[in-house]
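Peer 1: Handing you a structure now.
The values are calculated or read from the model by the stated rules, or taken from the named source; none is laboratory data. All of these numbers come straight from a predicted model, not from anything done at the bench. Reconstructed Cβ throughout: ideal geometry from the backbone, glycine too, with neighbour counts over all protein chains shown.
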Amino acid sequence: MTSAIAGAGFPVTALLRQQTERQAQQAEQQAQALEQQAAAKRREARAAQQQARELDSEATESANRANLLQQNLAAADRLTESQQQRTERLNSALDRTAASESAPQDDAEQQTDSETPSNPTSTVSVSGNNAATPFSLIARPLAPSSGLNINVQV
């Protein structure tokens, strides 16, 4: 009986050897598959890191662009406010000029009317020389820091 087991041991060992070789091949194939998966994951990770760097760069550019646009808006607001102030000063000066010119003109018209009531075609002439004075006040040079120049020509 022992001889039968001993004689039969050779085929058992061969079968165990074949089974072990198959398991080794399967383990090697599984290891290769896992290595390929790991390599694919590393490639995906590198691609994701590259994409993250690109997105960070785009975000930085967008933030810089937004900051610049905010600065431009603030400058535009300051310019608009400055223009409104200058327009108000110009309108005020024009109103004062019109008021100062109309008062003497009204007096001159009243004197002319009282002197020549019988002449219905009498006219009052107003010279343009007195209009230059208010515009010289308005068109004075601006402060160098204002950044806005207005040229008024008569």
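Condition check ((1) aliphatic (A, V, I, L, M); (2) surrounded by fewer than 10 Cβ atoms within 10 Å (Cβ to Cβ); (3) within 32 Å of the chain's Cα centre (by Cα); (4) at positive phi) across all residues:
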site	(1), (2), (3), (4)
L16	yes, no, no, no
Q29	no, no, no, no
R42	no, no, no, no
A47	yes, no, yes, no
E61	no, no, yes, no
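Peer 1: Would you point out which residue out of S82, S102 is in contact with a Leu (Cβ under 6 Å, 6 or more places away or on another chain) and either at pLDDT 85 or above or not basic (K, R) (or both)?
Peer 2: Exactly one residue qualifies, and that residue is S82.
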